[in-house]
1. For SER29 and ARG141, what does the FRET efficiency come to when R0 = 25 Å and r is the distance between their Cβ atoms, rounded to the nearest 0.05?
2. At a 1.4 Å probe radius, which order do THR17, THR91 fall into by accessible area, largest first?
3. Could you order GLU18, GLU47 so the one with the most accessible surface comes first? Probe is 1.4 Å.
4. So, taking all protein chains as they sit and a 1.4 Å probe, how much accessible area belongs to LYS146, in Å² rounded to tens?
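The values are calculated or read from the model by the stated rules, or taken from the named source; none is laboratory data. Keep in mind that what you see is a predicted model, and the values were worked out from it rather than measured. Cβ placement follows ideal geometry from the backbone for every residue including glycine, while neighbour counts extend to all protein chains displayed. Keep in mind that these areas ignore ligands, DNA and RNA; they rest on the heavy atoms of the full protein, side chains included. Shrake-Rupley method; radii C 1.70, N 1.55, O 1.52, S 1.80 Å.
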Amino acid sequence: MSALWRPLTVTTDPARTELKVHNDPRLLSAVAAIVSHSAHRAGLPREAQQGFAEAAVEAVRDTFPLLGNDSTGDRDLRMIIEDFPDRVQVTIEHSGESKPTAGLDTFVGGSKDHAGGKISASLQDTRVDRVQYDTHEGHSRMTLIKYRDQRRANV
């Protein structure tokens, strides 16, 4: 048996990880590790990797109170973590209360009845460059985006 040594090459192919997350605090450290790894693959500096992972965990934590308030009773959320050569993004999807976990109202001034105020701080201290929010047929989707190059965030 012989082995041929090849140097490790970094791929620029996007990676996609999908998770079904239960409301269990023990799982949040795994979520942080996966998001941090994807941010590393996208080329973010270590501090940005950690900050983005923390923001994603806060968003997940703030989303759980919104779950299962509809007729389906679904108490889990779906996460999609994608890394690209210029950015990393985390999408959190859920059914239940169709209220943004981190919408423009919470970023600008905070709504009075908003359950998830922590993500606003994440946005304001630049751990997240962009938040997109959409709701369709009882399903809510929030995407957190962090760009590798700050110039891209301003586009």
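1. Working: r = 24 Å, r/R0 = 0.96.
Working from the Cβ atoms, E equals 0.55.
2. THR17, THR91
3. GLU47, GLU18
4. Estimated to the nearest 10 Å², LYS146 gives 10 Å².
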